[in-house]
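Only the coordinates and a few stated rules stand behind these numbers; no lab work does. Fair warning: this is a prediction, and the values are worked out from it, not measured in the lab. Cβ placement follows ideal geometry from the backbone for every residue including glycine, while neighbour counts extend to all protein chains displayed.
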Amino acid sequence: MKLFTAEQVYAADKFTIEKQNITSDELMERAAIQLFNWLHLRMQGAQVKIHLFCGIGNNGGDGLALARHLQDHGYNIEVYVVNYSKKRSKDFLTNLERLKERKIWPNFLEEGSEWPPIKEEEIIVDAIFGIGLNRAPDEWVGNLFEHLESTKAFVLAVDIPSGLFTESVPKREKDVLKANYTLSFQVPKLVFFLPQTGKYTVQWEVLDIGLDKQFLFETDTDYSLIGKNEILPFYRPREKYSHKGTYGHSLIIGGSYGKMGAVQLAARSCLRVGSGLVTVYIPKCGYIPLQTAIPEAMVITDNEDSHISEIELSIEPTAVGLGVGMGTKEGTSEAIANFLKDYKRPVVVDADALNLIAQHKDLLKYLPGQAVLTPHPKELERLIGSWKDDFDKLEKAKVFSDKHDCVLVIKGAHTIIIYKNKGYVNTTGNPGMATGGTGDVLTGMITGLIAQGYEPLQAALLGVYLHGRSGDITVENTGYQALLATDVIEGIGPAFLDLFKVEEKVSAEEDGNE
Ligand SMILES: NC(=O)C1=CN([C@@H]2O[C@H](COP(=O)(O)OP(=O)(O)OC[C@H]3O[C@@H](n4cnc5c(N)ncnc54)[C@H](O)[C@@H]3O)[C@@H](O)[C@H]2O)[C@@H](O)CC1
Ligand SMILES: [K+]
């Protein structure tokens, strides 16, 4: 699913109005009906009080139109206009008139107004600011947000939590009204997925307001959301007359005394994603444990017992996963540097190998094209330098990826994959996966996918998606705390199978949308 900028949403809006020959008021009405259906389906007429806070632009217009539908269906509502500007939008005014015709008189809130009392069990609809926010809200509006949050009532945001910009990070927390749930029109916003801005809504959902499908399809976006629909088109099925040679030979290079587990995790996950053959290159001390733990993997050992000192290959791997559990002994750093100078095939670089490259940036020029780098935030900072905020981080990552022709897998709650000027936001995974070894598993998976012939970018997208999906499936049995990296490997099979499961539709939901 594409992630549109506010500018692109306005363009889609305008295009739709012209092509479908409707008015902007009719489009607003569609939005309001979708909002109403969503609430009605869940509330079934319950008399819990709904407080609708509406701004003076089109987001506010949506709120007023929703209020009208709720009133028509007998809901218990109270409407407020947050009067932060005199420049009211045309469709806001139209909907204000319609409310007045029904004898609904909103409360006008201004600087110095007394804030309305709201009970914890009541509902707040936030239609104050939408994607048109262009500067921080005035102080008194921020105070209102604070008051609304302090009531602990459930906050349902219309389109986007008020105070949240679509393309930058707000300066102060109090300038945004935190939402429990956001109903976003047509497309989700990138800010829902970044650490500094994602925290402003607990959950989100998209409401289809019928913006022109062709326009949405043809518009190119910098960011997209990666789910099953984005993965399936490049999934490569297993062929009947294939053999293990068809699916590549992966080589995992890593390990040191006390960190052999990392190699085991990477090698096993590499096998689980379907790599035809897997060899590991490790220091001698890991020989017996590896042969015992993973009979399917082949082992080549370094001359040193406790760390890697020289990477001498007697095989020609299809793809290499480099760095897991490797340590930073001097001999090891030299071995990696020498290896990278000679090696020309696809590589996934992780952990200590990444840190080495960050320390010796001249090594970047030896990376083969489209090398996949999998840094966590600290490692990323060592590579691209520090950043002002999440948007700056993404821009710097794009510049780095373009300059060095590499795929950056920025690990986090929503892992974002950057290649050149595009970003891909992953949707799978959970906090249970914040545990030692899951990164090694990811490295093994991406390596194994590249070995099977996936383009490095595709391997990164599929690997990250399946890794998170496996965590999501597994956590159902383990709970967050008990989830281990090993469990994520065991879930790879179910995650593959899940790719082809047809999602069950909630029939009531469909009815509600009719
Ligand atoms: N684009 C679409 O597809 C649709 C958009 N709709 C709604 O329209 C919204 C966008 O509406 P608007 O463009 O009117 O913008 P908003 O309703 O977000 O903001 C209202 C206006 O306030 C002004 N403003 C911005 N920041 C301010 C600040 N800090 N203090 C005071 N004034 C400020 C701006 O002039 C802005 O136009 C969307 O978020 C959505 O809710 C819906 O009506 C349906 C269709
Ligand atoms: K809002």
(message) With the crude spin-label approximation of a point 7 Å out along Cα→Cβ, what separation in nm comes out for Lys119 versus Asn134?
(response) 4.2
(request) For region 164-226, calculate the relative contact order in percent as a whole number, restricting contacts to Cα pairs under 8 Å that are 6 or more residues apart. (result) 32
(request) Take every Cα pair under 8 Å in the chain that's 6+ residues apart, average their separations, divide by the length, and report that relative contact order as a whole percent. (result) 12
(request) Using the Kirkwood radius over Cα pairs, work out the Stokes-Einstein diffusion coefficient for region 246-498 at 25 °C and 0.890 mPa s, in µm²/s as a whole number. (result) 138
(request) Give, in nm to one decimal, the length gained when the segment between Ala11 and Phe500 is fully stretched (0.36 nm per residue of separation minus the Cα-Cα distance). (result) 172.6 nm
(message) Output the 0 to 90 degree angle, nearest 10, between the alpha-carbon long axis of helix 139-150 and the longest principal axis computed from the alpha carbons of the chain.
(response) 80
(request) Would you calculate the separation in nanometres between label points at Arg345 and Met43, each defined as 7 Å from the Cα along the Cα-to-beta-carbon direction? (result) 6.2
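Take each of the peptides 140-146, 122-128, average the number of other beta-carbon atoms within 10 Å over its residues, and list them starting from the highest.
So the order, starting with the most tightly packed, is 122-128, 140-146.
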(request) Treat region 239-331 as a sphere of radius equal to its Kirkwood radius over Cα pairs and apply Stokes-Einstein at 4 °C in a medium of 1.567 mPa s; give the translational diffusion coefficient in µm²/s, rounded to a whole number. (result) 98
(request) Compute the convex hull volume of the Cα atoms of the chain, divide it by the residue count, and report the result per residue in Å³ as a whole number. (result) 161
(message) Given R₀ = 41 Å, what would the calculated FRET efficiency be for Lys240 paired with Val202, taking r from the Cβ atoms and rounding to 0.05?
(response) 0.30
(request) Report the relative contact order of region 62-119, percent, no decimals, based on alpha-carbon pairs under 8 angstrom and at least 6 residues apart. (result) 41
(message) Could you sort the peptides 159-167, 433-441 by per-residue average Cβ neighbour count (10 Å cutoff), highest mean leading?
(response) 159-167, 433-441
(message) Give me the tail of P(r) for region 184-247 as a percent: Cα-Cα pairs with distance above 21 Å.
(response) 47
(request) State whether region 8-56 is rounded, prolate or oblate according to the following rule on the C-alpha gyration tensor (a ≥ b ≥ c being the square roots of its eigenvalues): a/c under 1.5 gives rounded; otherwise a/b larger than b/c gives prolate, and the remaining case gives oblate. (result) prolate
(request) State the antiparallel share, in %, of DSSP beta bridges confined to the chain, rounding to the nearest 5. (result) 15
(request) May I ask for the angle, rounded to the nearest 10°, between helix 58-72 and the longest principal axis of the chain, with both axes built from Cα atoms and the value confined to 0 to 90°? (result) 60
(request) For helix 260-272, report the angle its Cα long axis makes with the longest principal axis of the Cα atoms of the chain; keep it between 0 and 90° and round to the nearest 10°. (result) 70
(message) Under the 0.36 nm per residue contour assumption, what length would be gained going from the current alpha-carbon distance of Asp402 and Glu110 to full extension?
(response) 100.2 nm
(message) Please list log₁₀ I(q)/I(0) at q = 0.07, 0.10, 0.11, 0.12 Å⁻¹ for region 2-220, using the Debye equation with identical point scatterers on the alpha-carbon positions.
(response) -0.19, -0.40, -0.49, -0.59
(message) Roughly how far apart, in whole Å, are the Cα centres of region 262-303 and region 450-487?
(response) 19
(message) Run the helix sum for the chain: -39,500 (n - 2.57) per DSSP H stretch of 4+ residues, divided by residue count, reported at 222 nm to the nearest 500 deg cm²/dmol.
(response) -12500 deg cm²/dmol
(request) With a point put 7 Å past each Cα toward its Cβ, work out how far Ser386 is from Glu455 in nm, to one decimal. (result) 3.7
